[in-house]
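Working notes, beginning with the structure itself.
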Amino acid sequence: MSVELDIVSDFLEAYGQTGSVIDALDSALPKLVDHTECEAGSFFFGDQKASELVCQSCVGPVDIRGIRVPFGSGIVGRVFDTQTIETVESAESDRAHQRSVDESSGFVTRNLLTLPVTFKGSQIGALQLLNRAVEDGVEPFPEQFIRVAKALASGLALGYHSAAVTDQVRENDALVRDVELAGTVQDALTPKIPGHLGIAAGILPYTQLSGDFYDYLEIGDRVYVIEGDVSGKGVAASLTMAQAQVLFRTFARDGLSCHEIATRMNAELHRDLGVSRFVTAFIICIDRTLRMVSCVNAGHGEVLKLESSGDSSLVQSSSPPLGIVGGTDFQPVEEQLAFGAWRLWVVTDGISEAQLNGAEIGMNGMQAIARRYRDLSLPEAVGGTLNLIRDRKLTTFDDATLVLIDTRMMH
Amino acid sequence: MSNTVEVSGQTAQIKLSGSVDINTTGDLRNAIQAVPTSVKSFLIDASDVSYIDSSGIAVMLLAKQVAERSSAAFAISAVSPMVMKVLELAKLDQVFKIQSVSSSDDQRPASGSSTDFSDLF
């Protein structure tokens, strides 16, 4: 038992110092070969992508590192496949033995012990000991030698598993850092809207990265606003969100109409996104000279216009979301609203489809909220609405975004 | 409830059930993309869908695109009222050919029309 422990201990100590399974094996394999009185030893790693076994470590008269054997070929391939320990007393008489390897290396394989290296049934590779010096008719690899070799194979499996786990943790850490960074970038892209514009907005992301967004741009006497919701979630959705925001700013900066902005954004997104992603959008242009609000609803659901009298109406979607249909199939309708005593409640489905006591609130719920908060300032009304979700009075499983517009508050 | 794609002869039947969202559509997307190009007809049955989000809509659009690529026919044989509402709100009824709307919609959360919203405040 002490020999087994010594060899595995050497392997683990070298692995702990170098962090390299192969360096550790290079240190331990000669001791195993020496202890078992063999001429050579080798380890073949199973390269799953190439479906080949590749020699990564060896000891003996010939350096065979880098030699590749297809899965299922040779004795090593057979052991890798069957995951069964094999002792071959005469390599010459085993049909699976690959003589070409011996011929090219000049090494003559007489007998060999091959052990699978596995972790929880998952194939990692195979360990071989070759040419133990014994007389004819004597079992070349008695049980105590097999036990020592098995101990190193187990240590090797543990080392590979540990290395794989470490790699996974590193990748996960990198991914977490990327998501955090993307969240920071997203926060930076979410603007703070000056109070004098008569607009307030807020986002409550469901996960770290939101697929919802809003933005505004003040160009002379016009103020352009967008609220959007990208299909899907996560990093991919946040990249599409950033793309949509850049497109909005580009076309708004050119002073285009809402209809034209929506049409051009649709063309760009339809070309770039493919069918797997789309963006619902409500685009608004507030003209302070003409005292008119024009808007386009591209698949964004219903938008509530609540008059100070308590009457309400809805701005319906007039086209599919951006990015789904191309060319002349995309025909949004631009609506015109004269400045007046009303508020426009633009919400994403994280709010309109939120649930109260198990029932979706829908636009009836939105009207109740809008009426309840109609005497509050715009930021207070936005905050109060999002607090209904924060305080779990409303349950939602999506990002929740609200843009609130009141032309009476414009200065 | 599960979402399935079954190919029988030259027809691919896509059955959507329960909640069709980002958590349930990953394998479905792969299955739709793996439908052989020899298929001449894609049929989606969404009559048992209790909830659908934008990822679910994207899957329906993907099936339509895969059908168009192989010049196959595409139709939605039935949708639940919940799915129909989502499609109408987003004006996607302009994009999809829908054959019928099912009458049963038991799994859908009840409409808010009769809810007492005073509970909220």
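The values are calculated or read from the model by the stated rules, or taken from the named source; none is laboratory data. These figures come from a predicted structure and were not determined experimentally. Please note: Cβ atoms are built from the backbone with ideal geometry, for glycine as well, and neighbour counts cover all protein chains shown.
For this structure, a couple of remarks:
- Region A:302-316, residues that are within 16 Å of A:Val403 (Cβ to Cβ) and surrounded by fewer than 24 Cβ atoms within 10 Å (Cβ to Cβ): A:Glu302, A:Leu304, A:Lys305, A:Leu306, A:Leu314, A:Val315
- Among the criteria (1) surrounded by 23 or more Cβ atoms within 10 Å (Cβ to Cβ); (2) more than 10 Å from every other protein chain (Cβ to nearest Cβ); (3) not in a helix (DSSP H, G or I), the one A:Gly340 does not fulfil is (1).
- Flag for A:Val62 being surrounded by fewer than 19 Cβ atoms within 10 Å (Cβ to Cβ) and in contact with a Phe, Trp or Tyr (Cβ under 6 Å, 6 or more places away or on another chain): yes
One line per residue, one yes/no per condition, for (1) surrounded by fewer than 19 Cβ atoms within 10 Å (Cβ to Cβ); (2) touching a helix residue (DSSP H, G or I) at 6+ places or on another chain (Cβ under 7 Å):
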| site | (1), (2) |
| --- | --- |
| A:Gly46 | no, yes |
| A:Arg68 | yes, no |
| A:Phe80 | no, no |
| A:Thr87 | yes, no |
| A:Arg110 | yes, yes |
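- Exclusive hit being at pLDDT 95 or above and closer than 27 Å to A:Gly299 by Cβ, set A:Leu376, A:Leu388: A:Leu388
- Against the list (1) in the same structural domain as A:Asp221 (by TED's automatic domain parsing); (2) farther than 30 Å from A:Leu404 by Cα, the condition A:Gly198 fails is (2).
- Yes/no for A:Thr207 being within 14 Å of chain B (Cβ to nearest Cβ) and out of contact with any strand residue (DSSP E or B) (no Cβ under 7 Å at 6 or more places or on another chain): yes
- Within region A:236-248, the set of residues being under 10 Å from A:Met265 (Cα atoms) and not polar (S, T, N, Q) comprises A:Ala244, A:Val246, A:Leu247, A:Phe248.
- First in region B:6-25 and within 13 Å of chain A (Cβ to nearest Cβ) and assigned to a strand (DSSP E or B), second anywhere and surrounded by 21 or more Cβ atoms within 10 Å (Cβ to Cβ) and among the hydrophobic types (A, V, I, L, M, F, W, C), Cβ under 6 Å, 6 or more apart: B:Val20/B:Val49; B:Val20/B:Ile52
Residues are listed down the side, and each one gets a yes or a no for (1) in the same structural domain as A:Ile64 (by TED's automatic domain parsing); (2) at pLDDT 90 or above; (3) basic (Lys, Arg); (4) out of contact with any Ser or Thr (no Cβ under 9 Å at 6 or more places or on another chain):
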residue	(1), (2), (3), (4)
A:Gln98	yes, no, no, no
A:Val101	yes, no, no, no
A:Ser104	yes, no, no, yes
A:Thr109	yes, yes, no, yes
A:Leu113	yes, yes, no, no
A:Ser122	yes, no, no, yes
A:Leu127	yes, yes, no, no
A:Ala133	yes, no, no, yes
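- Sub-8 Å Cβ pairs linking a first residue in region A:353-367 that is within 7 Å of chain B (Cβ to nearest Cβ) to a second residue that is of a type in the set (D, E, K, R) and not in a loop (DSSP other than H, G, I, E, B), at least 6 apart or interchain, are A:Leu356/B:Asp119; A:Asn357/B:Asp119, ordered by first then second residue.
- Test: residue in region A:301-318 that is at pLDDT 95 or above, under 20 Å from A:Gln243 (Cβ atoms) and not charged (D, E, K, R): no
- Criterion applied to A:Ala201, A:Ala188, A:Ala174, A:Ala163 was being surrounded by 11 or more Cβ atoms within 10 Å (Cβ to Cβ), of a type outside the set (S, T, N, Q) and in a helix (DSSP H, G or I), and the one residue passing it is A:Ala163.
- Among the conditions (1) facing another protein chain (nearest Cβ under 10 Å); (2) among the charged types (D, E, K, R); (3) surrounded by fewer than 23 Cβ atoms within 10 Å (Cβ to Cβ), the only one that A:Glu334 does not satisfy is (1).
- Count - residues of region A:344-393 that are assigned to a helix (DSSP H, G or I), farther than 27 Å from A:Ser231 by Cβ and of a type in the set (Gly, Ala, Ser): 4
- Extreme residue, surrounded by the most Cβ atoms within 10 Å (Cβ to Cβ), among residues of region A:368-384 that are closer than 21 Å to A:Ile193 by Cβ and facing chain B (nearest Cβ under 10 Å): A:Ile369
- Evaluating A:Thr407 against the criteria (1) surrounded by 17 or more Cβ atoms within 10 Å (Cβ to Cβ); (2) assigned to a loop (DSSP other than H, G, I, E, B); (3) more than 10 Å from chain B (Cβ to nearest Cβ) leaves one unmet condition, (2).
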